[in-house]
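Peer 1: Have a look at this one.
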Amino acid sequence: RLATRAQHLPSERLASCRVAAMASARPILPAILLLALAACRAVHFSSPAFVAAPNRGSTTETGAAAALGGAAVTLLTAVPAHAAMLFDEIIPYAGATSFCIMWGIVLGFVLLRLQEAFPE
């Protein structure tokens, strides 16, 4: 009995080491993502902004000028150059595409009937 116990002891230790290794193995991806997020936040909060903050006194003048400019652009828009595109391009291309699809279906049925007519 003692000899058989000594023979099984190394395999039992190996099995217990494997179980312990599997239990202590943790996924590394969440840790890497957390570290990357922490690094991005640290860089974001530690570096100064690329653009200086605007002065508070000039924002009302800029806002009024922007509103006036927006109104002028809205009222002074020209007719788009592509207004006639529907009849010049879209409808002819749609017709040609539809015709090609229908002709493909017709040719498909013709080929199907030819295969049935001349079996191998």
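The values are calculated or read from the model by the stated rules, or taken from the named source; none is laboratory data. Keep in mind that what you see is a predicted model, and the values were worked out from it rather than measured. Neighbour counts run over all protein chains shown; Cβ positions are idealised from the backbone, glycine included. These area figures cover heavy atoms from the full protein model, side chains too; ligands, DNA and RNA do not enter into them. Shrake-Rupley method; radii C 1.70, N 1.55, O 1.52, S 1.80 Å.
The rows are residues; the columns are (1) in a loop (DSSP other than H, G, I, E, B); (2) open to solvent by 60 Å² or more (accessible area, probe 1.4 Å); (3) hydrophobic (A, V, I, L, M, F, W, C); (4) at pLDDT 65 or above.
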position: Pro27; (1), (2), (3), (4): yes, yes, no, yes
position: Leu35; (1), (2), (3), (4): no, yes, yes, yes
position: Val43; (1), (2), (3), (4): no, yes, yes, yes
position: Ala49; (1), (2), (3), (4): yes, yes, yes, no
position: Gly63; (1), (2), (3), (4): no, no, no, yes
position: Ala66; (1), (2), (3), (4): no, yes, yes, yes
position: Gly70; (1), (2), (3), (4): no, no, no, yes
position: Val73; (1), (2), (3), (4): no, yes, yes, yes
position: Val79; (1), (2), (3), (4): yes, yes, yes, no
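Peer 1: While we're here: Kindly indicate whether any position in segment 89-96 is within 35 Å of the chain's Cα centre (by Cα), acidic (Asp, Glu) and either modelled with pLDDT of 75 or more or surrounded by 10 or more Cβ atoms within 10 Å (Cβ to Cβ) (or both).
Peer 2: yes
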